[in-house]
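This report concerns only the one structure given below.
The values are calculated or read from the model by the stated rules, or taken from the named source; none is laboratory data. These numbers come from a predicted model, not from an experiment. Methodologically, a virtual Cβ is constructed for each residue, glycine included, from the backbone with ideal geometry; neighbour enumeration extends over all protein chains shown.
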Amino acid sequence: MKATAIRSYFYSCLRAGTSGTGSRSLVCWKCSSPISERPGVFCPSCKVIQPLRANQNFFDYFGLNKDFIVDQEGLKNKFRTLQSVVHPDKFGLHTDDEKKYADIHSSFANQAYKTLSNPKTRAVYMLELSNTDEGITDPEFAMEMLEMNEEIEQTDDHKVLGEKLVMTQGKVDEFMDQIAKNFEQGKNEEARDALNRMRYFERTVKLIKKKLGH
Ligand SMILES: [Zn+2]
């Protein structure tokens, strides 16, 4: 699976996860037994691998509460167990569909673990799950970013672009730190604001990289 395809799949899961269909019960594609428990990678009855749920979020996937505080040791164990059961080697003699399901679970588990094991990406993910992208409320900040982007658009000076890249990437890192810290202190509004600002800088980083041909 291409990285972009996986990414868009994750985002569709993310959106579905916030749409309130989370409690819908599913049945096994092979034997039609109900699959109620999460993550429901295998059918409890016929033990056949199941497709990844469309409404799956990373926390549910590892059987965790949607909480900033995560038991890292428990998470690591769950991740390793999951990876071992969906490993491609175990599906050599299975159908193409089953191989595909295993492959998707493996990628999803990787992405979920990577996201949840780091406090910064975990904080950002929690904000994304809560689906409150309200845009920036500080017009002065938005204007500054707009001006900077125009400046970048108009220059081909690699030295200037290189400096801007270092600066904007530093800002993204700074906001990441701030989001995690805000979350830890229960300052959700501040975290959200920092996320919105970080998104602006992320877009600028992308713009500079494009200009530099990265
Ligand atoms: Zn079954």
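For region 70-87, the count of residues that are in a loop (DSSP other than H, G, I, E, B), in the same structural domain as residue 113 (by TED's automatic domain parsing) and modelled with pLDDT under 90 is zero. For region 55-67, the criterion of being at pLDDT 90 or above, over 24 Å from residue 122 (Cβ atoms) and not in a loop (DSSP other than H, G, I, E, B) is met by none of the residues.
Scanning region 73-117 for residues that are among the hydroxyl-bearing types (Ser, Thr, Tyr) and loosely packed, with under 15 Cβ neighbours inside 10 Å turns up 81, 84, 95, 117. Would you check if residue 144 is of a type in the set (D, E, K, R), assigned to a helix (DSSP H, G or I) and either in contact with a Lys or Arg (Cβ under 8 Å, 6 or more places away or on another chain) or surrounded by 13 or more Cβ atoms within 10 Å (Cβ to Cβ) (or both)? Answer is no for this residue.
Residues in region 105-128 that are under 16 Å from residue 70 (Cα atoms) and either out of contact with any Phe, Trp or Tyr (no Cβ under 9 Å at 6 or more places or on another chain) or modelled with pLDDT under 90 (or both): 114, 118, 119, 120, 121, 123, 124, 126, 127. Which residues, counting only those in region 56-70, are of a type outside the set (Phe, Trp, Tyr) and either within 17 Å of residue 110 (Cα to Cα) or within 16 Å of the ligand (Cβ to nearest atom) (or both)? Answer for region 56-70, where residues must be of a type outside the set (Phe, Trp, Tyr) and either within 17 Å of residue 110 (Cα to Cα) or within 16 Å of the ligand (Cβ to nearest atom) (or both): 56, 57, 60, 63, 64, 70.
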